Amino acid sequence: MQRDSTWQPSATIEVLRERAALFAKLRHFFAERGVMEVDTPVLAHFGVTDPHLSNLTSSLRHDVVPLHLQTSPEYAMKRLLAAGSGCIYQLGKVFRDDEQGPRHNPEFTMLEWYRVGFTMQQLIDEVVELLRLSVAAPLPRQITYQQLLYETLAIDPLADTVERLQQSLSAYPSIRELAQQETDRDTLLDLAMACIVEPAMDPQQPLIVTHYPASQAALAQLDQSDSRVALRFEVFYGGYELANGYQELTDAAQQAQRFAQDQRRRAQLGKPAAHADPRLLAALTHGLPQCSGVALGFDRLLMAKLGVASIEQVLPFAIDRA
Amino acid sequence: MANYSTNEFKAGLKIMQDGEPCAIVENEMVKPGKGQAFNRVKIRKLISGKVVEKTFKSGDSVEGADVIDIDMAYLYNDGEFWHFMNNDSFEQLAADAKAVGETTKWLVEQDVCTLTLWNGNPIAVTPPNFVELEITETDPGLKGDTAGTGGKPATLSTGAVVRVPLFVQIGEVIKVDTRSGEYVSRVQK
């Protein structure tokens, strides 16, 4: 009989020591700045409406109501902010269905934090400081989404027609067929970002991308000086996406519209319907303070620090051994 | 033939692309945190042997290819076709030059090869990892030479040319690794 080695950890004990040290460093970072640690439920009554995220679900034995494993602690943390928590952070597990690969594990650790009164740029500056102090990352380059796509692909994501996008992306053999068939603007932009722009990034140099198109605002405010874009940013480091942040949308009516927009999009993409979380809407109606928040993949941060290519190498037990 | 969703993609899966059966060599999901996920795959076209990269939207389906691998013993070449036999069922199949391709230089009678069949027809023949063949032509080596000094070319009975150590002579049988085309050792007759 062949001996089963799947009892053994995916990461080495040495890496797990680094993991523990990074947890400690991050907690110290926030303690020094007076940001309170919170631990909101992983198991909750509502999931996300985000068209490209899928909740895993479970249920209690004596209750038919499904419970959703959270894809991010965002909704619960915003309820705490609305209740007057002040600046908060969370370092905990989140779950995403259909996400598995060298850089994805269905269960992973997220660092998410919210800063009351911060603008997007103030929060970006804090993310940069955190990267410097926790993993000695070099200073980043900052660029707008529009400029990045223009520089790399000579396309204007805010102005080019779908036909023009199709044409430009068809120049790349590995995505040609899909680019020619695809007629959805945001899907074409995602294709460009994920398959051409991101692989071309310098892994050694953190890159902050700001002002995503309004159609990809998610839960960010739109830019008051240019409503074509949202106050959303992403951080790329190590050759992959590390963090996603917003100057947060605080308007309950607009939030309800975004939920409705997500649901239409889900239907259009043939994805299962998702209920909008009424408790988040109630909290926003009560009043969410002006704030900016960001979610950062802890495991990827550790990957970048150690220079390893696969998420398995930094997890105690990846999904196939869990 | 069944369709496969991108969720089922993994190395070795056989799918149809550009009207040709293909095998997935590598599959990676890429996904912007808030955006559409894609599967970036490397596929090998099983007839032309070309390896190409393709991108699919995650969740899309592609047509599967009815491709199977079976082990068959090589019998003989009639000038046009190479004939193989299934050692269990004694069923015979003939592969054409397109399917056999470069493998012809490694075919030894009775050796068990892997035939790739598409809709029942051979499209590729993979030789065993190691074959034993006789040297029909090589320069006389220098006396006292030992292995590992670069060697010399030797032509084998099938026409294959491999580099062999200088001490190996015409008429000797050698073991060759067909994956690298490299000499492994001499074989006692």
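The values are calculated or read from the model by the stated rules, or taken from the named source; none is laboratory data. These figures come from a predicted structure and were not determined experimentally. Cβ coordinates were reconstructed from backbone atoms using ideal geometry, including for glycine residues, and neighbour counts include every protein chain displayed. These area figures cover heavy atoms from the full protein model, side chains too; ligands, DNA and RNA do not enter into them. Shrake-Rupley method; radii C 1.70, N 1.55, O 1.52, S 1.80 Å.
Here are a few things to note about the model shown:
- A 1.4 Å probe, protein heavy atoms only, puts the accessible area of residue B:172 near 50 Å².
- In this structure, residue B:48 and residue A:21 have a Cβ-Cβ separation that, at R0 = 56 Å, corresponds to a calculated FRET efficiency of about 0.60.
- Rounded to 0.05, the FRET efficiency of the residue A:7 and residue B:102 pair, given R0 = 30 Å and the Cβ-Cβ distance, is 0.10.
- Largest accessible area first, the listed residues B:185, A:292 line up as B:185, A:292 when surface is computed with a 1.4 Å probe on the assembled protein chains.
- All-pairs alpha carbon distance profile, chain B, 10 Å steps from 0, percent: 9, 28, 24, 20, 13, 5, 1, 0
- The Stokes-Einstein estimate for region A:121-170, based on a Kirkwood radius over Cα pairs and taken at 37 °C with 0.692 mPa s viscosity, is a diffusion coefficient of 252 µm²/s.
- The three principal axes of the Cα atoms in region B:3-63 give end-to-end lengths of 39, 20, 18 Å, sorted in falling order.
- Pairwise Cα inverse-distance average, inverted: Kirkwood Rh of region A:256-315 (Å): 15.1
- Normalising the Debye intensity of region A:1-136 to I(0), with uniform scatterers on Cα atoms only, and taking log10 at q = 0.12, 0.15, 0.19 Å⁻¹ returns -0.63, -0.94, -1.28.
- Residues of chain B: accessible area per residue with a 1.4 Å probe, Å²: 52
- Only helices enter the 222 nm calculation for chain B: every DSSP H run of n ≥ 4 contributes -39,500 (n - 2.57), and dividing by all residues gives -500 deg cm²/dmol, rounded to 500.
- Grouping the Cα pair distances of region A:24-96 into 10 Å bins from zero gives a pair-distance distribution of 19, 40, 30, 10, 1 percent in increasing distance order.
- Intensity falloff of region B:77-118 expressed as log10 I(q)/I(0), Debye formula with alpha-carbon point scatterers, at q = 0.16, 0.17, 0.28 Å⁻¹: -0.39, -0.44, -1.23
- Placing a pseudo-label 7 Å from each Cα along the Cα-to-Cβ vector at residue B:63 and residue B:180 gives an inter-label distance of 4.1 nm.
- Rounded percent of accessible protein surface that carbon and sulfur make up, region B:67-126, 1.4 Å probe: 48
- Probe 1.4 Å - accessible area at residue A:150, Å² to nearest ten: 130
- Helix-only [θ]222 nm of chain A, DSSP H runs n ≥ 4, -39500 (n - 2.57) each, per residue, nearest 500: -10500 deg cm²/dmol
- For region B:9-40, a drop of 20 Å² or more in accessible area on going from the chain alone to the assembled protein chains (1.4 Å probe) is found at B:28, B:29, B:30, B:31, B:32, B:33, B:34, B:35, B:36, B:38, B:40.
- Residue list for region A:109-148, given a label point 7 angstrom along the Cα-to-Cβ vector of residue A:28 and an amide N cut-off under 12 Å: A:133-135
- Estimated FRET transfer efficiency (residue B:18, residue A:227; beta-carbon r; R0 56 Å; 0.05): 0.85
- Counting every alpha-carbon pair across the protein assembly as shown, the share separated by more than 41 Å comes to 38%.
- Remark: accessible area buried at the A-B interface is about 2000 Å², both chains counted, probe radius 1.4 Å.
- What region A:60-196 shows is 43 Å² of accessible area per residue, with the surface traced by a 1.4 Å probe over protein heavy atoms.
- Average beta carbon contacts from partner chains per residue of A:240-251, 10 Å cutoff: 1
- Average partner coverage of A:190-198, which counts Cβ from other chains inside 10 Å: 4
- With distances taken between every two different alpha-carbon atoms, region A:221-322 has a Kirkwood hydrodynamic radius of 16.6 Å.
- Surface share of carbon and sulfur [accessible, 1.4 angstrom probe, percent] for chain A: 52
- An ellipsoid equivalent to region B:65-157, defined through the eigenvalues of its Cα gyration tensor, has semi-axes of 33, 13, 12 Å when rounded to whole angstrom and sorted largest first.
- Its Cα centre serving as origin, region A:1-151 has a Cβ charge dipole (Lys and Arg +1, Asp and Glu -1) of approximately 280 debye.
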